[in-house]
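Every number in this text was worked out from the coordinates using simple rules, so none of it is lab data. Since the structure is predicted, the reported quantities are computational estimates derived from the model, not experimental observations. Positions of Cβ are backbone-derived with ideal geometry, glycine not excepted, and every protein chain shown enters the neighbour counts.
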Protein chains: 2
Amino acid sequence: MQVSARTDYALRAMLAVADAPGRVTAAALARAQQMPPAFLQSILVDLRRAELLHGRRGGEGGYTLTRPAAEITVGDVVRAVNGALTTVRGLPTHSAAYPERAAGLRDVWLAVHDRIADIVDRTTLADLLNPAQSPEARASTGTGRRPPTPK
Amino acid sequence: MQVSARTDYALRAMLAVADAPGRVTAAALARAQQMPPAFLQSILVDLRRAELLHGRRGGEGGYTLTRPAAEITVGDVVRAVNGALTTVRGLPTHSAAYPERAAGLRDVWLAVHDRIADIVDRTTLADLLNPAQSPEARASTGTGRRPPTPK
DNA sequence: TTGTTTTCCTACTTGATTGATAGGAAGGGT
DNA sequence: ACCCTTCCTATCAATCAAGTAGGAAAACAA
């Protein structure tokens, strides 16, 4: 039930890129968010391969978003760096086998997975940058956002 | 966002003990649930220290629950073996510091934490052993159980 | 009571996965 | 040509999963 450092760093990096006006270099990113520069580099490679970031080399280089911040969800970022959204014993949640008596446990992990998906797939980077209008992040209980927001 | 093997094993062990009529030995537990015996032993120690299991040695020895299965929640077991319910970068979710731009991210992890807590703190071992009457585990969306179930 | 069996308990060791690092190699601007 | 910045690969360190070995305690039998 733990969020890996890789996932947390990836989201913070995406938020910093989304917030900046132009391009952002990896070095500036690491300094602003206080994360190990070399480790951040390997995370940026994952985000670039997932088509979430566009990297440009050379002078005046840096990273930009491939899509508007309102069209990138937290779930997109998590899946890019972590593979599956939730895992049990290293395996994807839906593909973990359980013996006889513990069959009901599988449903618990699936329910946890669905609740998490409800949150991260409905929250966009733009929502996080405007704290005033992010209903998801504040409500402790309830469904969250009413607007359908069809993906 | 991953459930550790330790947590998964601990819950399966607790379910097997709850389901058995009398005492259950660690060896029988490992065999029935197909988990490494020695690793299970270290997990049982955690469960015993958390006052969830009572171990008895000697012939006719084994483990039993310290409380009825209906009074032990999934959350109790998770916290016993994992410390905090959810962690970000190894730290408890509520105590992770975030710099300027990523402040909104903290609320996301807190919301995830609350949703997970809603599930695991309301689901008891008895619920999991009666698949017919476990509303939590089946519903993909919604609040789950209506009865207040005051702890 | 003594011995024996059964089981729980503790400490240490190995292997694998993840977090983190360093040093180039390739590409864009000037 | 030169410099800067992103990219890639190989490597180190730490943590967790898993396994091993050797007691310590409790129940039963003689």
What is the number of the single condition among (1) among the basic types (Lys, Arg); (2) over 18 Å from the mean Cα position of the chain (by Cα); (3) within 13 Å of DNA strand D (Cβ to nearest atom); (4) within 11 Å of another protein chain (Cβ to nearest Cβ) that B:Arg23 does not meet?
(4)
Counting only residues that are of a type in the set (S, T, N, Q) and surrounded by 19 or more Cβ atoms within 10 Å (Cβ to Cβ), how many does segment B:89-103 have?
1
When the residues of segment B:56-88 are filtered to those that are within 12 Å of DNA strand C (Cβ to nearest atom) and surrounded by 15 or more Cβ atoms within 10 Å (Cβ to Cβ), which remaining residue is nearest to A:Gln34 (Cα to Cα)?
B:Val88
Go through (1) surrounded by fewer than 18 Cβ atoms within 10 Å (Cβ to Cβ); (2) more than 14 Å from DNA strand D (Cβ to nearest atom); (3) closer than 30 Å to B:Ala30 by Cβ; (4) more than 15 Å from the chain's Cα centre (by Cα) and name the single condition A:Gln34 misses.
(3)
B:Ala28 fails exactly one of the following numbered conditions: (1) within 9 Å of DNA strand C (Cβ to nearest atom); (2) touching a strand residue (DSSP E or B) at 6+ places or on another chain (Cβ under 9 Å); (3) over 24 Å from B:Ala126 (Cβ atoms). What is the number of that condition?
(3)
Quick one: count up the residues across segment B:40-61 that are free of Cβ contacts under 8 Å to residues at least 12 places away in the same chain, more than 9 Å from DNA strand D (Cβ to nearest atom) and among the small types (Gly, Ala, Ser).
1
Would you be able to say whether some residue in segment B:60-73 is aromatic (Phe, Trp, Tyr) and more than 13 Å from every other protein chain (Cβ to nearest Cβ)?
yes
Give the residues of segment B:31-55 that are β-branched (Val, Ile, Thr) and within 9 Å of DNA strand C (Cβ to nearest atom), sorted by residue number.
B:Val45
Could we say that A:Ala27 is more than 21 Å from B:Leu105 (Cβ to Cβ) and touching a Pro at 6+ places or on another chain (Cβ under 8 Å) here?
yes
Which ones in segment A:104-130 are more than 7 Å from chain B (Cβ to nearest Cβ) and either among the hydroxyl-bearing types (Ser, Thr, Tyr) or under 18 Å from B:Met14 (Cβ atoms) (or both)?
A:Arg106, A:Thr124
Can you pull out every residue in segment A:46-55 that is surrounded by fewer than 19 Cβ atoms within 10 Å (Cβ to Cβ) and out of contact with any Gly (no Cβ under 9 Å at 6 or more places or on another chain)?
A:Asp46, A:Arg49, A:Ala50, A:Glu51, A:His54
A:Pro37 meets each of (1) more than 16 Å from A:Ala80 (Cβ to Cβ); (2) in contact (Cβ under 8 Å) with a residue 24 or more places away in the chain with one exception, condition (2)
